[in-house]
1. What do you reckon, is residue 71 in contact (Cβ under 8 Å) with a residue 40 or more places away in the chain, exposed (fewer than 15 other Cβ atoms within 10 Å of the Cβ) and in contact with a helix residue (DSSP H, G or I) (Cβ under 7 Å, 6 or more places away or on another chain)?
2. Right, residue 120: within 15 Å of the ligand (Cβ to nearest atom), at pLDDT 95 or above and under 16 Å from residue 230 (Cα atoms) or not?
3. Give, as residue ranges, the strands (runs of 3 or more DSSP E) completely inside the stretch 141-205 that count at least 1 residues that are in contact with a helix residue (DSSP H, G or I) (Cβ under 8 Å, 6 or more places away or on another chain), more than 12 Å from the ligand (Cβ to nearest atom) and within 19 Å of residue 217 (Cβ to Cβ).
4. Output the residue which, of all residues in the stretch 274-290 that are part of a helix (DSSP H, G or I) and without any contact (Cβ under 8 Å) to a residue 60 or more places away in the chain, is nearest to residue 257 (Cα to Cα).
5. Using the structure shown, decide if residue 227 is within 15 Å of the ligand (Cβ to nearest atom), crowded, with 17+ Cβ neighbours inside 10 Å, outside any helix (DSSP H, G or I) and under 20 Å from the mean Cα position of the chain (by Cα).
6. Which residue, of 25, 14, is in contact with a strand residue (DSSP E or B) (Cβ under 9 Å, 6 or more places away or on another chain) and under 24 Å from residue 234 (Cα atoms)?
7. Do the conditions hold for residue 65, that is, is it out of contact with any strand residue (DSSP E or B) (no Cβ under 7 Å at 6 or more places or on another chain), surrounded by 21 or more Cβ atoms within 10 Å (Cβ to Cβ) and modelled with pLDDT of 90 or more?
Ligand code: NAP
């Protein structure tokens, strides 16, 4: 019987595994993607992880994984699809029909950025197209950027970029923003921010890097970077009905990782939180493993 079953091998899951292993717990990490390290691997450069400026995201993920492996953490492929508690034991069913039994679960399955689905979006990923302004904004100092979306993330991203970029276009498909009116006012006061409303992106073009954003109505914006902020999808289908989710589908849990289900902890992007970054995921993993350890001692 496992003490801790970690679902997900991104920074939150790996950090949880390191803390659990160091606490002498019997821990196993399961991962949907073979030898994965989560979303961090997609980031061309992670420039805001303390002490490691300019690290390539893939390399950082590999380092996290090597750390867990060096302590003897074991990994297993498989997508967890069902969680059921019987007495004090969690029975976790995987896509291939296998069932694992564990005293606690640390669920760190992450969230995925919604994509626009326009031509050029995938091609220019990491070459001007980004889904994280706080991660990649600094690469666009003095340049022209476009933010796509009308929610709080897009508004916050535009505000953040307005202090870095020379010019920021905020491109939204409707005439009104979904996000906070207060942030809209702050943006209106910025001389280098231009709202491009009732505008649907059609195509991203360029040569080596992004050069243009073409809109459906025929307008073309000359840009160096495009930040897509059209929402996130938390990977929580498997836990629906098992514990409480918020209105956006994230697991309700504070920084201890405790959820509304006993012995089930959430860590990383999958839980309700303010800032979804590598540094907060790593810290979540440590907290969730510590909470699991305390739960097991009780
Ligand atoms: P969101 O609120 O779901 O907004 C997504 C935005 O993207 C919407 O404006 C939507 O347009 C647009 N969009 C979606 N699909 C699109 C497409 N295919 N093409 C063009 N535009 C598209 O997502 P979010 O901004 O990431 O925020 C998620 C949640 O976190 C929200 O509850 C938000 O309030 C919260 N949050 C809060 C803060 C804060 O308090 N500072 C910061 C970030 C996030 P429509 O408006 O037309 O639907």
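1. Numbers: in contact (Cβ under 8 Å) with a residue 40 or more places away in the chain: yes; exposed (fewer than 15 other Cβ atoms within 10 Å of the Cβ): yes; in contact with a helix residue (DSSP H, G or I) (Cβ under 7 Å, 6 or more places away or on another chain): yes.
Yes: the conditions hold for residue 71.
2. Details: within 15 Å of the ligand (Cβ to nearest atom): yes; at pLDDT 95 or above: yes; under 16 Å from residue 230 (Cα atoms): no.
For residue 120, the condition - within 15 Å of the ligand (Cβ to nearest atom), at pLDDT 95 or above and under 16 Å from residue 230 (Cα atoms) - is not met.
3. 193-196
4. 287
5. Yes: the conditions hold for residue 227.
6. Just a single option satisfies the conditions, and that option is 14.
7. yes
The values are calculated or read from the model by the stated rules, or taken from the named source; none is laboratory data. Please read all numbers here as calculations on a predicted model, not as lab measurements. Quick reminder, even Gly has a Cβ in these numbers, built from the backbone with ideal geometry, and neighbours come from all protein chains shown.
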